1. Give me the percent relative contact order of the stretch 304-404, please, defined on Cα pairs under 8 angstrom at least 6 residues apart.
2. For the stretch 413-455, what % of the accessible area comes from carbon and sulfur atoms, probe 1.4 Å?
3. Quick check: at a probe of 1.4 Å, how many percent of the accessible area of the stretch 273-395 sits on carbon and sulfur atoms?
4. Taking Cα atoms, how many degrees apart are the long axis of helix 278-292 and the longest axis of the chain, rounded to 10 and kept between 0 and 90?
5. Per residue of the chain, what 222 nm ellipticity follows from adding -39500 (n - 2.57) for every DSSP H run with n ≥ 4, rounded to the nearest 500?
6. What's the extension gain from Asp230 to Phe208 if we count 0.36 nm per residue and subtract their Cα-Cα distance?
7. Any chance you could run the full-extension gain for Ser371 through Gln181? It's 0.36 nm times the residue separation minus the Cα-Cα distance, nm to one decimal.
8. Subtract the Cα-Cα distance of Arg88 and Glu520 from 0.36 nm times their separation in residues, and report this length gain in nm to one decimal.
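The values are calculated or read from the model by the stated rules, or taken from the named source; none is laboratory data. These numbers come from a predicted model, not from an experiment. Glycine gets a Cβ as well: all are built from the backbone with ideal geometry, and neighbour counts include every protein chain shown. For accessibility, only protein heavy atoms count, side chains too; no ligands or nucleic acids. Shrake-Rupley method; radii C 1.70, N 1.55, O 1.52, S 1.80 Å.
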Amino acid sequence: MRGSRLLAGGVLRLCSRAGGMERAVVRAVPSEEKLSICLTLSGSLRQLQRDQTEPLSRALARISASATKSKKRKEPAAPGPPVRLFYRGQPVCEAASNAEAWQDGAELQVGHVRYRVERNPPLCAELGLPRHVMAGFPVCPRLRLEFSDPEHSRFTWYRQQPAAGGSPGGPAEQQWEESGQERVFTPAVGDIGLRLKLRCTPGDGQRFGEGRELEVAGPVEAGPGACTFDERHLYTQRLTVEPVIRAVSYNLLADVYAQTEHARTVLFPYCAPYALELEYRHCLLRKELSGYHADLLCLQEVDRTVFSDSLAPALEAFGLDGTFRLKDKQHEGLATFYRRSRYRLCSQHDILLGEALTGDPLHQEMLQRLSGYPAAKEKMLQRSSALQVSVLESTSDPSRKICVANTHLYFHPKGGNIRLLQISVALAHVRHVAYELYPSIPIIFCGDFNSTPSTGLYSLVRDGTISEDHEDWTSNGEEERCNMSLNHPLKLKSACGEPAYTNYVGGFHGCLDYIFMDSESLEVEQVIPMPSHEEVTSHQALPSVSHPSDHIALICDLRWK
């Protein structure tokens, strides 16, 4: 996302003359101590900050004094002009508080000048666009609106073309041609080489505020051709309806890991450098994720700034709301999105796995058992892994709730023992939420578990038990051995089965990601086929110019039994 153009002083710019009368713009938010009054006095733009609880008389006196203030004046100022506030033709009581007195549509009289009061007019406080856009890939603006919402705002896209008579290679005059009126715009092949501009006019359903314009920094570029997800979109063209739920789990490859010398030269040397850039990868991701029409979207390796600056605004435009959980002492974490037309968030129960082990009585027994294995305990507590747990309820039937869990476990190839401890803590926490806090609600548990189907973790999740003599307890040698039997009561199965791989890089490929579902309450309606091996390896491995991550998204449609 480009340095989004923060429209500082946006309120000040609203204070221009309109319809023959000056404007006085009042910003009053109940949760804030002060309100601001913006108006032009004696030819100068002024913004006054006043306590919302103070009487109107003091604010009017301040306006009168400001009307005569001059930076060059050294002698005492003359008395200011009379100032009065009217509402519906009647004087407003000057003993009333500012919060009550300054109503939309009121009239302020300062001497012989009259102002129309606009309280909390719709405002586009921030507007951002990507630096690069590609033909065939959606462009989603980043917005920060005040006193307005996207549904009631207007979005007008323009393409820039040379005016008639422009000379090739010279600074030809430009003209803009309207090309779309949707919040999300997808450039066509014919737009390649042209620049785009967006005008956002904020609205609240009754009023429109001042429009803001922003150009994309560069011209529309050509796309990469066929992508690994194009064929998959053929299976997800339509939104699902009750009782079907489309779930997606996807490790996005955090930019903090992709943008390193180690990533470029050791991990992904086969990937074109430009295809590792955040702007490029997220151009692909926006198209990929929007085309899945997911109801539930569990993402791993989500950069903190990417969530707020790019991912959440884009997915919000596609109908998804989301929550974010940062890992401990990391710059990336987990994100869970849900389709707001289908679900609303009831509660969140996120934890850090190591912190929960020592701080939650729920795990006291395991902590005591682990005290006999100090090396393994220390390794477990050092990990930054988190668990995101969201309880969602159906917008059409609030009694129908679901527990959605999302995690990313320890990555080390020899860390099977630590992952067993982590998943045990995670399962106990999910059981507490779905069996005790919300009795008998179904579970969908997604994530990058960094474990293949042959590991003890997969057996524990699927079968509900693992013995103390399983080989994974000594995965990192005798020093970290921590033999113990584990079990859980959840009835979980892998909704997408056991694909040949969900992670494909130069030196490794294997199935590490899963969507575990509650087999007692849910059944599989369809599993969206994985990309063909030819597609995955068309550029040797992942990520590539046609695929934005080193992982592949898992997608399935689940049905309530």
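1. 29
2. Summing carbon and sulfur atoms, their accessible area is 56 percent of the total for the stretch 413-455.
3. 47
4. 80
5. Dividing the helical sum by the residues of the chain leaves -4500 deg cm²/dmol.
6. Result: 4.1 nm gained on full extension.
7. Extending this stretch completely gives an extra 62.2 nm.
8. 149.2 nm is the gain from fully extending Arg88 to Glu520.
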